[in-house]
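First up is the structure itself, then whatever we jot down about it.
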Amino acid sequence: MSKLAGWLKNPGVLAAAPASIFLLVGFAGPLLMVLGYSFMPSKTFALNSVPTLENYLSVVSDSYYISFFWSLFLAALTVILLFPICYPIAYGMAKLFGKWANLVTAFVAIPLLISENIRLFGWVLVFLKGGILDGTLQSLLGVSASGLLYTVPAIVLGLVYVYLPFMLFPMVIGISMVPDSLKEAAFDLGASRWQVFREVELPLAMPGILIGAILTFILAMGSLAESKILGGQAVVMIADDIESAFTFAQNWPKGSVLSVMLIALSGLIVFVLFRRIDLDQIIGRR
Amino acid sequence: MGESNSSFLELVGITKKFGDFVAVSEIDLAIREGEFFTLVGPSGSGKTTMIRMLVGMDQPTSGDIRLNGELLNGVPANKRPTCMVFQSLALFPHKSVGENIEFSMKIAGMDPARRRTRANELLQQLRLPLDYYYKGVNQCSGGERQRIALARALAFDPKILFFDEPLSSLDYRLRKTLEKELKDIHRETGKTFVYITHSLEEAMVMSDRIGIMRDGRIVQVGTPNEIYNHPRDKFVAQFMGEVNTIDVDDAGGHEVCSKADGVIYKVHRKPDGFKSGHLIIRPEIMKIGRVASKLPNKLKGVVFNDYALGSRVQYQVRAPNGVNWLVERLQDVPFDGKLNDTVDLGWRPEDSILVKD
Amino acid sequence: MKTAGSSHIARKLIWIWTYAVIVFLYIPMFAVILASFSTQRYFRFPIQSFTTKWYTKTLESLSVRDLLWTSISVAALVTVFSVLLAFFGALAFARYDWKGRKLYQRLVLLPIFFPQAVLGLALLLWFSALGITTSWQTAVFAHMIWIVPIVILIMSIQAYSFDPALEEAAFDLGATRWQVLREVTLPILAPGVISGSIFAFLLSWGNFPLSLFSTGADQTVPEWLYAKMVSGYTPMVPTLGSLTMSGAVLMLLLVYLFWLATGRRRRQAQNSVSSDD
């Protein structure tokens, strides 16, 4: 018992207590509730029924797997597209830009502080029929560019746009962890530029790249606004289905099941990632 | 140098365990008032653990620490009349030089005018310009930062000043200068200094007495001369640097014989009850060339390497039985041999050191 | 010595690409600002005539004032509470060594790697199970779940470079634990506290997924914008959007200027162990 008392007096434990308790109550608690609800009979609103698996089974029989597929597919596509988009910039910020890197960081970060609704709406204005793109083309070339909105590519654009910083910043940290001396040594030993990239730079930057990729993937997979604002009814993402189940359909257990599955999928990916990465080393360079 | 032999800081049976790992084991030590005492040992020998216990950052698992007879064990670091100069110096980056120095006085509630006066005194004593008072600490050079850290500790007016290897990150020249300055400050202030380092050479320059630590124990305590000329065992003898060591058995009288090839060497004095041990011959007391041929202990060998070390030259000489000897000679001592020559090596029995196993 | 293999052309290309991407990032925001000045009720490009009447309408609208008040209240409370929790949370994350720290680090990061909409809905369940009606106050709680970890991360980056010997030295020089916090810990971590506060405020201010499910009858600006975008479009949407954007940028600018003005000493504090001569 005195061991517990000793542990409680450690300044680290005391400092961690407020945030930990808060997160346990506000994060772990609700999630456990969702888990509980997922085993309740359909359309009930309390946890007092006999547990059942009927909701889990109905996920398969109804066509929710389509939403899951779309979410996974679009998220993966976003990550795949963002990698070549962000890598050169990340490389520049880590190695080339010098004192300008901070300015670039600021410019990329500021949009994050502005509501994504506004930013996505701006794209609507650009791609709308009669909007900026369509209007410009019509007045300059007499060509119409309507029908670009409310399509899958529009959603992908929205996802790529919103999550670019989330892919970029961890990548910057990852690349900055590759010492120049290692690359020079590889050159010295006869490697070509591509080989240096493949054998030295990429593997060593991998922790940062992975964090960026996984963060982007999970956030994109669970996103809602992009598909609704830019895609209309073209695609229904899983978060949309979850929302409908909770609000329209008033079916909390069903919504809970879908949530549990989404969380399980995200959690699995995160769990596998965090095993392999030493956070202290990346964030703290220790 | 303190005249009284009273134990000012006394450690009795100090042991520190971290779980199952014993960092420090049964240390007894008596440090005198006003002396400059240095604990020397390789990394992992426990010296940092020791100093942290003395300052109050850690508590011993068992044993007592007494200052002038009063128990220090449970007293927290901020209530002890001791102060430490940290390895990283730990100067407050957000405060100016003056604010750093005045920190302990401000904490104690001293009024600004008196603090300022005392800070100025310390700046002068530590040979820092008075206008550094407002300067940012990060703009000062390495040597200046050392002095600021020392001034800050002195402002606390501690009974004992502790030093945790503060000079180890400096380059050679700066270190040499600061070692001597530290010794001067010690003399001027008359306070007790307890210093830890891994360099015996550094300790020899500054200390009144040295304690050698190894694997959590104190192996020998003595003045620099005692440590250097009468090391208690092989570890202490070899700690200084490269030495020639021969494992020997007692051969009666003033003689010992080498375990490897039975060669007899003459010694001046044997430790009581000596049966077997090591014969230590420092490179600088060995003679090379014609001078050596007249010495009681001598051998022949081939010069196969030479190193110019500034004021000295070091030779590696290989004896017929394959043993390599290290010999040093001062530049102005005549010697006309060169590489691949066969030369005489020798030493006087009273210059060698004999230690037990 | 420049990295072997990074030719002049490659560097130029990377710069050009970076500029292009940055322009790309700001296109929609300029589009919104542009649309706010168009006279027509429905957006058509090229804009035929410009006006500021929508701005007047927006600034006079009572419902807009309610929205702004809700958003600001939520953001302000989120900021205060988040910074408090996160300050100690960051010390536990990065500075102290204790058993359970690795587990704690993962717990803290989890809400960030998490779909916000699902979190919002889970909290909705939670609130109704506890019998709490959702309002802007529950939104504060909801925002914090996501924002506290982010602020912890931001402050931890600062806390990592904090030399623990500084606190020990202050303690050794006679300070009480409280004095150590006040004289050493807080001042040095101040930049992290400030940037954490800004992030907390602006992230809460612009948040949509969590607000959507936790504000109940109250509404924040992003919620209103979304509702109007989907149905019931009015040019007040780009107007309010522009106003909130300008507010955010103005706030950042003010803080930047303040930081510049007091920057000299604080910039020195970033490197607590500097090089020797």
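Each reported figure results from applying straightforward, stated rules to the coordinates on display, with no laboratory input. Everything numeric here is computed off the predicted structure, so don't read it as measured data. No Cβ is skipped: glycine too gets one built from the backbone with ideal geometry, and neighbour counts run over all protein chains shown.
Computed about the Cα centre, the dipole magnitude for chain B is approximately 500 debye when only Lys and Arg (+1) and Asp and Glu (-1) carry charge, each at its Cβ. Long hydrophobic helices in chain A: the complete DSSP H runs spanning 30 Å or more by Cα along their own axis with mean Kyte-Doolittle hydropathy of at least 0.5 are A:64-91, A:152-176, A:252-275.
With no solvent and one equal point scatterer placed on each C-alpha of region B:1-75, evaluate the Debye formula and give log10 I(q)/I(0) for q = 0.27 Å⁻¹, two decimals. Log-scaled intensity ratios, in q order: -1.37.
Across chain A, C-alpha contacts under 8 Å between residues 6 or more apart give a mean separation that, scaled by the residue count, equals a relative contact order of 27 percent.
Only helical runs count toward this figure. For chain C, summing -39,500 (n - 2.57) over DSSP H runs of n ≥ 4 and dividing by all residues gives -23000 deg cm²/dmol at 222 nm.
Could you tell me which residue out of B:V55, B:F86, B:N68 lies farthest along the dipole of region B:1-140 toward its positive end? Charges go on the beta carbon: Lys and Arg +1, Asp and Glu -1, centred on the Cα centre. With unit charges placed on the Cβ atoms, the residue in question is B:F86. Normalised by the number of residues in chain B, the mean separation of alpha-carbon contacts (under 8 Å, six or more apart) gives a relative contact order of 15 percent. Highest mobility in the GNM of chain A, judged by mean-square fluctuation with C-alpha springs under 10 Å and restricted to A:A154, A:A106, A:A19, is found for A:A19. Put simply, the Cα atoms of region C:1-146 extend 65, 62, 25 Å along their principal axes, the longest span coming first. Based on alpha-carbon atoms, the Kirkwood radius and the radius of gyration of region A:49-116 give Rg/Rh equal to 1.31.
Return the FRET efficiency for the residue pair B:N340, B:K300: r is the Cβ-Cβ distance, R0 is 22 Å, and the value is rounded to the nearest 0.05. According to the calculation, E is roughly 0.95.
Every pair of different Cα atoms in the protein assembly as shown enters the Kirkwood calculation, which places the hydrodynamic radius at 33.3 Å.
Region B:93-143 and region C:189-258 have Cα centres separated by 46 Å. Taken over the alpha carbons of region B:7-234 as equal point scatterers, the Debye sum produces base-10 log I(q)/I(0) values at 0.08, 0.11, 0.14, 0.16 Å⁻¹ of -0.29, -0.56, -0.89, -1.14. For the segment B:199-208, counting C-beta atoms of other chains within 10 Å of every residue's C-beta and taking the mean gives 0. Dipole magnitude for region A:107-218: computed about the Cα centre from +1 point charges on Lys and Arg Cβ and -1 point charges on Asp and Glu Cβ, it is near 340 debye.
The convex hull defined by the C-alpha atoms of region B:242-356 has an orientation-averaged projected area of 6.8 nm². Backbone phi angles across region C:108-124, fed through the Karplus curve with coefficients 6.51, -1.76 and 1.60 (θ = phi - 60°), yield HN-Hα couplings of 5, 7, 3, x, 6, 7, 8, x, 5, 4, 5, 4, x, 5, 4, 5, 4 Hz in residue order; Gly and Pro are listed as x.
Computed from phi, the 3J(HN,Hα) profile of region C:54-59 under the Karplus parametrisation 6.51, -1.76, 1.60 (θ = phi - 60°) reads 5, 5, 4, 4, 5, 5 Hz, with x in place of Gly and Pro.
Taking only the Cα atoms of region C:61-265, the ratio Rg/Rh comes out at 1.04, with Rh defined as the Kirkwood radius.
Counting, for every residue in A:86-98, the Cβ atoms of other protein chains within 10 Å of its Cβ and taking the mean gives 4. Of C:T39, B:T82, the sequence from fewest to most neighbouring Cβ atoms within 10 angstrom is C:T39, B:T82. With q set to 0.15, 0.16 Å⁻¹, the log10 of I(q)/I(0) for region A:62-284, from the Debye formula over equal scatterers at the Cα positions, is -1.07, -1.15. The distance between label points at C:K102 and A:L53 comes to 3.4 nm (points 7 Å beyond Cα on the Cα→Cβ vector).
Each of A:W70, B:Q314, B:T38 was scored by the projection of its Cα onto the charge dipole of the protein assembly as shown, and the greatest displacement toward the positive side belongs to A:W70; charges sit on the C-beta of Lys, Arg, Asp and Glu. Computed on region C:61-265, with alpha-carbon pairs under 8 angstrom and 6+ residues apart, the relative contact order is 34 percent. Globularity index of region C:31-75 is 1.41 (Cα radius of gyration / 2.2 N^0.38 Å, N = number of residues).
The distance between label points at A:F73 and A:S2 comes to 6.5 nm (points 7 Å beyond Cα on the Cα→Cβ vector). Residues whose amide H lies under 5 Å from that of B:L72, counting only those 5 or more places away or on a different chain, are B:I65, B:R66, B:L67; hydrogens are built 1.01 Å from N in the peptide plane.
If you plug the beta carbon distance of B:N321 and B:D272 into 1/(1 + (r/R0)^6) with R0 = 35 Å, you get a FRET efficiency near 0.70.
Remark: region A:141-225 is approximated by an ellipsoid whose semi-axes, taken from the C-alpha gyration tensor as √(5λ), come to 37, 18, 9 Å, largest first.
Amide H contacts under 5 Å for B:M84: B:F162, restricted to partners 5 or more places along the chain or on a different chain, H placed in the peptide plane at 1.01 Å from N. Near C:T176, no amide H atom lies under 5 Å from its own; only residues 5 or more places off or on other chains count, and H is placed 1.01 Å from N. Counting neighbouring Cβ atoms within 10 Å and putting the fewest first, the residues A:R198, C:R101 line up as A:R198, C:R101.
Cross-link reach is defined here as a Cα-Cα straight distance under 15 Å, omitting same-chain residues fewer than 8 places apart; for C:K102 the aspartates and glutamates meeting it are A:D278, A:D280. Global size of region B:58-162: 15.2, 48 Å for Rg and Dmax (C-alpha atoms, Rg to one decimal, Dmax whole).
Candidates C:F141, C:P115, C:L173 compared by Cα position along the dipole of region C:79-236: farthest toward the positive end lies C:P115, with charges placed on Cβ. In terms of distances greater than 20 angstrom between alpha carbons, the cross-link table entries B:K275/B:K298; A:K3/C:K99; A:K99/C:K12 yield B:K275/B:K298. For region C:1-160, the Cβ-based charge dipole about the Cα centre amounts to some 500 debye (Lys, Arg positive; Asp, Glu negative; other atoms uncharged).
Exposure proxy ranking for B:R187, B:R282, based on other Cβ atoms within 10 angstrom of each Cβ and starting from the fewest, stands as B:R187, B:R282. Pick from C:V80, C:V230, C:V118: which residue has the top mean-square fluctuation in a GNM of chain C where Cα pairs under 10 Å get a spring? So, out of C:V80, C:V230, C:V118, the one fluctuating most is C:V230.
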